Each structure stands twice: as structure tokens, then as C-alpha cells.
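What follows is calculated from the coordinates using simple rules that are stated; it is not laboratory data. This one's a predicted model, so the numbers in the text were calculated from it and none came from an experiment. FYI the Cβ positions are ideal-geometry reconstructions off the backbone, even for glycines, and counts take in every protein chain you see.
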Amino acid sequence: MDDDALLAEQVAYYRAGAAEYDRPYAEREELRELLTVVDELPVRGDVLELACGTGQWTPRLAARARSVTAVDVAGEVLALARARAASPTVEFVQADLFEWQPPRRYDTVFFAFWLSHVPPRRLPGFWNTVAAALAPGGKAIFIDDGPAVAEEEEVLTGLPAPAALRRLGDGSEYRIVKVFHDARALTGDLAARGWSVRVRPVAGNYVGVAEPPPPDGGTGRGALPAG
């Protein structure tokens, strides 16, 4: 089993479970509080939101942005996102993020709970895509589960990428990619790629703000100061 098959099963999970996607936000206060973190982040200008899901984050981004382009592979969750974030400044695009290339540059690239679904061998290409999507001076902003959240998942071994088992209300089971990045390790990895980055833990999750390496191939500035 290669990670293509695992990723296909991941897409099937989110398509089949679209109606259940928002349940954690209704049941977990810490997730609702995490949504408000967007108001403190440097979201500006034209925003590209990757893996927008049902649009939980999209209205908050739209409130800070000139425009939002929200992308997801699953039409079922996009239908819910369109209803939640109907706005003339928001455009929704259905596309596979491992194949899609942004047609333009953006001031902000945002993704919440997506980085953990990217297989490790695909991370270099993913970060290259994010860098290419950013306009000069633009920033990538990302939010995801930290290692502490792994205790809440049924972690699987022996697969081509770190994975977890998810169950839907009808009893069906799906394997998804799930990588619990440590904030310090993620900071070091991005700094080694030439990014200027700050990643901070937030109640079991992490929030990152990063700027890509300069286009001349310089080494960048490494880790940004805390604060």
C-alpha cells in the first residue's frame, strides 16, 4: 500500500463524513476558542485557504481579507462551506491539493488541520507549493494538532505514512494520514528549508506563522523570535 491509496481513503472519509465534520466544533470548547486565534494572526490582503473543509475558518478569514480563495478536494464539504461563507469576496475551488497549483500569488496562505494530513515524503513539495503561492512579503499561517492530541486518536502502524483510524456514525472505518508535528521540530525543519518561522503551542495544538526563503535562494532568517 503506497500513500496514494492511503490518501484516497482519506478523501473518501471526508466525503462520506461531511455531515459529521462540524461535530467536534460543537462538542469541544477548545476548538471553538481556537477559531478566535485567527483574529490575532497577520491575515491580510488576498488569502488562499487550503483544505477549507466546511468553512469553519473561512468567514473569519474573509472578515480580515480583501478576498479569500478556499480550496478543498471534497465537494460534499465544499457545499456546506459555500452555505456558511456565502460572500462576493469568497471563491471556492474543488481540487486535489497534491495536484493543484495556485494560478496566482496571495498575501496569506492559511491552512488549519491540514498539515497533519500531508504524508512526510510529500512535505517538501507541499512547502514549495506554499512558497510559490505567496506574494513578496506574504506569510503562511497554519494551525494543527500537536503530539498531545495523539492520545485521542487510534494510531495505526505499518502503513506508508503515519496514520490513524477514524469511524463514522454508520460504523464505517477509514484510514487517514495523521502526523502529529512537534512545534520545536517543525520550526527546525522549516528553518532548515530556509523559512523564517515561529511555531507556538496552544492548548495541545500549535499555531505557526512562516515566511518563505528569499527568491534568490538565500538561507532566510531561520526561526523568528518568540512573542
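Every listed requirement among (1) in contact (Cβ under 8 Å) with a residue 40 or more places away in the chain; (2) of a type in the set (Gly, Ala, Ser); (3) under 28 Å from VAL199 (Cα atoms); (4) surrounded by fewer than 17 Cβ atoms within 10 Å (Cβ to Cβ) is met by ALA65 save one, (4).
Quick check, is TYR106 of a type in the set (Ser, Thr, Tyr), buried (at least 22 other Cβ atoms within 10 Å of the Cβ) and in contact with a Gly (Cβ under 8 Å, 6 or more places away or on another chain)? Answer is yes for this residue. Candidates are the residues of the stretch 187-204 that are surrounded by 20 or more Cβ atoms within 10 Å (Cβ to Cβ) and in contact (Cβ under 8 Å) with a residue 40 or more places away in the chain; the one that is nearest to ARG32 (Cα to Cα) is LEU190.
Taken together, the criteria place GLU99 among residues that are among the acidic types (Asp, Glu) and more than 22 Å from LEU31 (Cβ to Cβ).
Each row is one residue, and each column tells you yes or no for (1) out of contact with any Lys or Arg (no Cβ under 7 Å at 6 or more places or on another chain); (2) in a helix (DSSP H, G or I).
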| site | (1), (2) |
| --- | --- |
| GLN56 | yes, no |
| ALA63 | yes, yes |
| GLU76 | no, yes |
| PRO88 | yes, no |
| VAL93 | yes, no |
| PHE110 | yes, no |
| ARG121 | yes, yes |
| ASN128 | yes, yes |
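Within the stretch 141-150, is there a residue that is crowded, with 21+ Cβ neighbours inside 10 Å, farther than 19 Å from ASP4 by Cβ, of a type in the set (A, V, I, L, M) and under 16 Å from the mean Cα position of the chain (by Cα)? Yes - at least one qualifying residue is present in the stretch 141-150. A single entry from LEU48, LEU34 fulfils the requirement of being part of a helix (DSSP H, G or I) and either within 17 Å of the chain's Cα centre (by Cα) or crowded, with 19+ Cβ neighbours inside 10 Å (or both): LEU34.
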